[in-house]
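Have a look at the structure below before the remarks.
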Amino acid sequence: MNFAKTILAATAISAGSAASALPVQFAGNGHWYEVVETQETHFGAFLGAMSLGGYLVTITDAAEQAFIESTFGNAARYWTGGNDMAVEGDFEWIDGPEAGNPFTYTNWRNGAPQSNYAGQDHVFLEDGTGEWVDVNGNNGNHVYAYLVEYTSYIPPVPVPAGLPLAAGALGLLAFAKRRKNKKA
Ligand SMILES: [Ca+2]
Ligand SMILES: [Ca+2]
């Protein structure tokens, strides 16, 4: 990760934390999790998770599924990183430590996955049950909140009152530019 990208990721984490609760750690694997309430397509959620420095949640065993359900309460529909975009019927994780790995655990809703129509390739957690359902996440008909997972997470240092985040980010970017010029 280059310097400017690091700054942008750090800024995104700070900005995100202002709007929602901080990520919660799962003792089972040491990873951290949070919900982003912004309603997104699957691709939008993928990019959003990346911009936060994490990845769309990967659920690889029943304990992780149980932790997510007990922590976030099945309150809404949440995108996961599960998909079968590459090969129809072969579900795998889109990003994170399990990127490209096939599912090792599933919690499909009765009858799912269906893949009845083109692009029905993206897995979300059903509200109320936490069961897995596949839909076309990028045709605009399904926009949901999403779950971001982090392998490690350092809670952001509180920004002093009265110091706008944007001004801080601009200052850092100016610093990065000076640093770059100095190198050249
Ligand atoms: Ca995981
Ligand atoms: Ca499919």
(request) Looking at (1) away from ligand 1 (no atom under 16 Å from the Cβ); (2) within 20 Å of Glu69 (Cα to Cα), find the lone condition where Ser115 falls short. (result) (2)
(request) Being closer than 24 Å to Asn139 by Cβ and assigned to a loop (DSSP other than H, G, I, E, B) is the filter here, so list the residues in segment 65-99 that pass it. (result) Ala76, Arg77, Asp84, Met85, Ala86, Val87, Glu88, Gly89, Asp90, Phe91, Ile94, Asp95
(request) Among the candidates Ala145, Ala76, Ala66, single out the residue that is more than 16 Å from ligand 2 (Cβ to nearest atom), within 12 Å of the chain's Cα centre (by Cα) and surrounded by 14 or more Cβ atoms within 10 Å (Cβ to Cβ). (result) Ala145
(message) I'm checking my understanding of the structure. Among residues of segment 87-102 that are of a type outside the set (D, E, K, R) and touching a strand residue (DSSP E or B) at 6+ places or on another chain (Cβ under 7 Å), which one is nearest to Gly53 (Cα to Cα)?
(response) Gly96
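Table: residues versus (1) under 24 Å from Ala75 (Cα atoms); (2) within 16 Å of the chain's Cα centre (by Cα); (3) within 16 Å of ligand 2 (Cβ to nearest atom); (4) not in a loop (DSSP other than H, G, I, E, B).
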position	(1), (2), (3), (4)
Tyr105	yes, no, no, no
Gly111	yes, no, yes, no
Ala118	no, no, yes, no
Asp127	yes, no, no, no
Asp134	yes, no, yes, yes
(message) Filter segment 27-46 down to the residues that are surrounded by 20 or more Cβ atoms within 10 Å (Cβ to Cβ) and aromatic (Phe, Trp, Tyr) and list them by number.
(response) Tyr33, Phe46
(message) Could you check segment 148-158 and list, in sequence order, the residues that are surrounded by 15 or more Cβ atoms within 10 Å (Cβ to Cβ), modelled with pLDDT under 95 and not hydroxyl-bearing (Ser, Thr, Tyr)?
(response) Pro156
(request) Quickly run through segment 104-132 and pick out the residues that are surrounded by 12 or more Cβ atoms within 10 Å (Cβ to Cβ), free of Cβ contacts under 8 Å to residues at least 40 places away in the same chain and among the hydrophobic types (A, V, I, L, M, F, W, C). (result) Trp108, Ala112
(request) Return a yes/no flag: does segment 97-109 have any residue that is closer than 17 Å to Thr151 by Cα and touching a helix residue (DSSP H, G or I) at 6+ places or on another chain (Cβ under 6 Å). (result) no
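The values are calculated or read from the model by the stated rules, or taken from the named source; none is laboratory data. Small disclaimer: the values here were computed from a predicted structure and weren't measured. Every residue, glycine as well, gets a Cβ built from its backbone with ideal geometry; the counts of neighbours run over all protein chains shown.
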